[in-house]
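Asks: What follows is a structure written as structure tokens; I'll ask about it next.
The values are calculated or read from the model by the stated rules, or taken from the named source; none is laboratory data. Keep in mind that this is a model prediction, so the values were computed, not measured. With ideal geometry, Cβ positions are generated from the backbone for all residues, glycine too; neighbour counts draw on all protein chains shown. Only protein heavy atoms, including side chains, enter the accessible area calculation; ligands, DNA and RNA are left aside. Shrake-Rupley method; radii C 1.70, N 1.55, O 1.52, S 1.80 Å.
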Amino acid sequence: ADSILNLHRQGDIAVKPPFTSEEFQLYIRFAKTLTPRLTVEAMRRIGAAYRGMRVHDSLSNRNRVYRVTTRMLESIIRLSEASAKLFLSEEVTEGYVKLALETMHA
């Protein structure tokens, strides 16, 4: 609470980022160059999560209109790849898939 109150009281003076804006821009530029690839474990985790979502959707939806489509699968993959880029990783691991799924369910 104190840090938020200080921010409102002192403005930008209260914020001391761990890196400069130039360093942050360099980080973003580098992260954009990465093309992380799915590991076998990550593919299994994504497949299992997607199948689970489809089953849950079909059991809870009696009028046969599926809300979980292949777009959901593609979203899981994209969020997993974005998580890997965030950590500057060349591989999308199971941990990044878990992070993506937690983000979707939040």
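Asks: Among (1) exposed (fewer than 14 other Cβ atoms within 10 Å of the Cβ); (2) not in a loop (DSSP other than H, G, I, E, B), there is one condition R67 misses while meeting the rest; what is its number?
Replies: Of the numbered conditions (1) exposed (fewer than 14 other Cβ atoms within 10 Å of the Cβ); (2) not in a loop (DSSP other than H, G, I, E, B), the odd one out for R67 is (2).
Asks: On the basis of being under 30 Å from Y27 (Cα atoms), open to solvent by less than 30 Å² (accessible area, probe 1.4 Å), part of a helix (DSSP H, G or I) and of a type outside the set (S, T, N, Q), does A82 make the cut? Show your work before the answer.
Replies: Values: under 30 Å from Y27 (Cα atoms): yes; open to solvent by less than 30 Å² (accessible area, probe 1.4 Å): no; part of a helix (DSSP H, G or I): yes; of a type outside the set (S, T, N, Q): yes.
So A82 fails the test.
Asks: Now for a separate question. For the subset of segment 18-45 comprising residues that are touching a helix residue (DSSP H, G or I) at 6+ places or on another chain (Cβ under 6 Å) and not basic (K, R), which member is farthest from A82 (Cα to Cα)?
Replies: At the first step, the residues of segment 18-45 found to be touching a helix residue (DSSP H, G or I) at 6+ places or on another chain (Cβ under 6 Å) are 31, 34, 36, 41-42, 45.
Then keep just the ones that are not basic (K, R); that gives 31, 34, 36, 41-42.
On the way: A31: 9, L34: 10, P36: 9, E41: 17, A42: 14 Å.
The extreme case among them is E41.
Asks: Looking at (1) open to solvent by less than 50 Å² (accessible area, probe 1.4 Å); (2) over 30 Å from F24 (Cβ atoms); (3) not hydroxyl-bearing (S, T, Y), find the lone condition where I77 falls short.
Replies: (2)
Asks: Among the residues of segment 1-34 satisfying the criterion of being surrounded by 12 or more Cβ atoms within 10 Å (Cβ to Cβ) and at pLDDT 95 or above, which is farthest from S75 (Cα to Cα)? Break it down stepwise before answering.
Replies: Looking only at segment 1-34, we keep the residues that are surrounded by 12 or more Cβ atoms within 10 Å (Cβ to Cβ), and these are 6-7, 14, 24, 26-27, 31, 34.
Okay, now just the ones that are also at pLDDT 95 or above, so 26-27, 31, 34.
Values: L26: 27, Y27: 24, A31: 19, L34: 18 Å.
The extreme case among them is L26.
Asks: Looking for whichever is at pLDDT below 95 and within 17 Å of the chain's Cα centre (by Cα) here; the options are R71, R37. Which one fits?
Replies: Working: R37 fails: at pLDDT below 95.
Among R71, R37, only R71 is at pLDDT below 95 and within 17 Å of the chain's Cα centre (by Cα).
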